[in-house]
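Structure, as structure tokens:
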Amino acid sequence: MKAWKLHGINDIRFGEAEYPVPKDDEVLVKVKAAGICGSDIPRIYETGAHQMPLIPGHEFSGEVRDIGKDVSEKWIGKRVGVFPLIPCGKCPMCRQKKYEMCRDYDYLGSRRDGAFAEYVAVPEWNLLELPENVSFEQAAMLEPMAVAVHAARRGTDGFSIPKDAAIAVCGLGTIGSFVIMFLREAGYKNIFAIGNHGHQRDRIKVFGVEEDNFCNAETTDAEEWLAEKTDDLKVYFECVGKNETAALGIKSAGASGRVVMVGNPYSGMSFDRDTYWRILRNELTVLGSWNSSFQHEEDDDWHYALNRIADGRITPVAMISHRLRLENLKEGTRMMRDKSGGYGKMVVVENGKF
Ligand SMILES: [Zn+2]
Ligand SMILES: [Zn+2]
């Protein structure tokens, strides 16, 4: 089969690879759509993967073509989404069904072969059957959507804080934009979006944020802008992973406000004394949000997102800016590395254009 293999840092090659053979509890998935994640970029260009050579790609959907001997035959031919984390099932986190915090996990596309290939082997446990009206490219975005659902729920106590609460989302990449999408869908109206590219404005407009509530931090002082918009910010979502944007949240949150850390940190994080004081004096709650819940239950983050795609309550395809063919993956990863060309979500699909 054809696949992209990461051999070392900044050494990813397209070519022939062995067909994966599903183990007893696994299925063989023909990949139909695979998103490029922001985390794939440092993995390919800066840090490498845990183990190499490795086929990256963890945001994907496809069709089950073969099954291992312990897998139910009902899966053959099924359209599926895939939870990419393979938990150990034994640690204290797993025993509480908090698989996303497993201490000894495997991971498709970062620790074992993933989806930038024609086929991938996936444990049956990780499959999510797709309703007919959910497209493969929508399902390939289930992972970032579930991560956004997780963060949005953490920040709003399961969407229980008042719907008129002032909420800021800083960082309008895929996760931040999807956080906005789910907040809007849950009924929140006062959302302030802070990005760093003009093109992000059009995308968040689709998710229901007016132009007036968008700040381009490249050209506007975001702290002043936010202070003008609200004097009682209840929740701030940090979806960038930088010192300044984390500090902005701590400085901007109102009394008893919440600051939700979502973005993976680019480098060391530290705060000056004044910023730190705000945590104490405003009695802020600083929350971490990590990955997403998947428990084969209707209410987990994956089913929450899937149900809303299925009944048309959300429009995640608005995030897709590029549809690439598998062989052109590198055009996409390069654009993301160089932050060029005003991209949103890039998805590898069978009849992509790039
Ligand atoms: Zn991802
Ligand atoms: Zn575990």
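Readers should treat all values here as calculations from the given coordinates under stated rules, not as data from a laboratory. It should be emphasised that the depicted structure is a prediction, and the values quoted were computed from it without experimental measurement. When we count neighbours, we look across all protein chains shown, and the Cβ atoms used for this are built from the backbone with ideal geometry, even at glycine.
Percentage of Cα-Cα pair distances in segment 133-174 greater than 11 Å, rounded to whole percent? That tail contains 72 percent of the Cα-Cα pairs. The separation of segment 230-246 from segment 132-169, counted between C-alpha centres, amounts to 17 Å. Using a Gaussian network model of the chain with C-alpha springs under 10 Å, which one of GLY332, GLY208, GLY109 is most mobile by mean-square fluctuation? Comparing GLY332, GLY208, GLY109 in a Gaussian network model of the chain, the most mobile one is GLY208.
Rounded to the nearest 500 deg cm²/dmol, what is the calculated helix-only ellipticity per residue at 222 nm for the chain, with -39500 (n - 2.57) per DSSP H run of length n ≥ 4?
Per the formula, -7000 deg cm²/dmol.
Sparse packing (at most 14 other Cβ atoms within 10 Å of the Cβ) combined with a DSSP loop state is found for the following GluC sites (Glu not before Pro) in segment 303-354: GLU350.
If you take all other residues with their beta carbon under 10 Å from the beta carbon of ILE9, and give Lys and Arg +1 and Asp and Glu -1, the sum is -1. Hydrodynamic estimate: the Kirkwood radius of the chain over Cα pairs, inserted into Stokes-Einstein at 37 °C and 0.692 mPa s, corresponds to D of 158 µm²/s. With r as the distance between the Cβ atoms of ASP274 and ASN351 and R0 = 51 Å, compute the FRET efficiency 1/(1 + (r/R0)^6) and round to 0.05. It comes out at approximately 0.40.
Among the chymotrypsin sites (Phe, Trp or Tyr not before Pro) found in segment 220-308, those both in a DSSP coil and sparsely packed, with 12 or fewer other Cβ atoms within 10 Å of their Cβ, are TYR266. Taking the chain as a Gaussian network of alpha-carbon nodes connected by springs under 10 Å, the highest mean-square fluctuation of the residues GLU238, GLU26, GLU129 belongs to GLU129.
Assigning unit charges at the beta carbon (Lys, Arg +1; Asp, Glu -1) and nothing else, what dipole magnitude in debye, to the nearest 20, does the chain show about its Cα centre?
So the magnitude is around 240 debye.
How high is the FRET efficiency from GLU283 to THR220, r the C-beta distance, R0 30 Å, rounded to 0.05? Using R0 = 30 Å, I get an efficiency of 0.55.
The local environment of ILE86, defined by Cβ-Cβ distances under 9 Å, has a net charge of +1 under the rule Lys, Arg +1 and Asp, Glu -1.
Here segment 147-288 is treated as a Stokes sphere of Kirkwood radius computed over C-alpha pairs; at 25 °C and 0.890 mPa s its diffusion coefficient rounds to 167 µm²/s. Entry note, the chain: relative contact order of 16 percent, from Cα contacts under 8 Å with a spacing of 6+ residues.
When the chain is treated as a GNM, springs tying every alpha-carbon pair under 10 Å, which of LYS90, LYS23, LYS330 comes out with the largest mean-square fluctuation? Evaluated over the chain, the most mobile residue of the options is LYS90.
Charge tally for GLU100 (other residues, Cβ to Cβ under 11 Å; Lys, Arg +1; Asp, Glu -1): 0.
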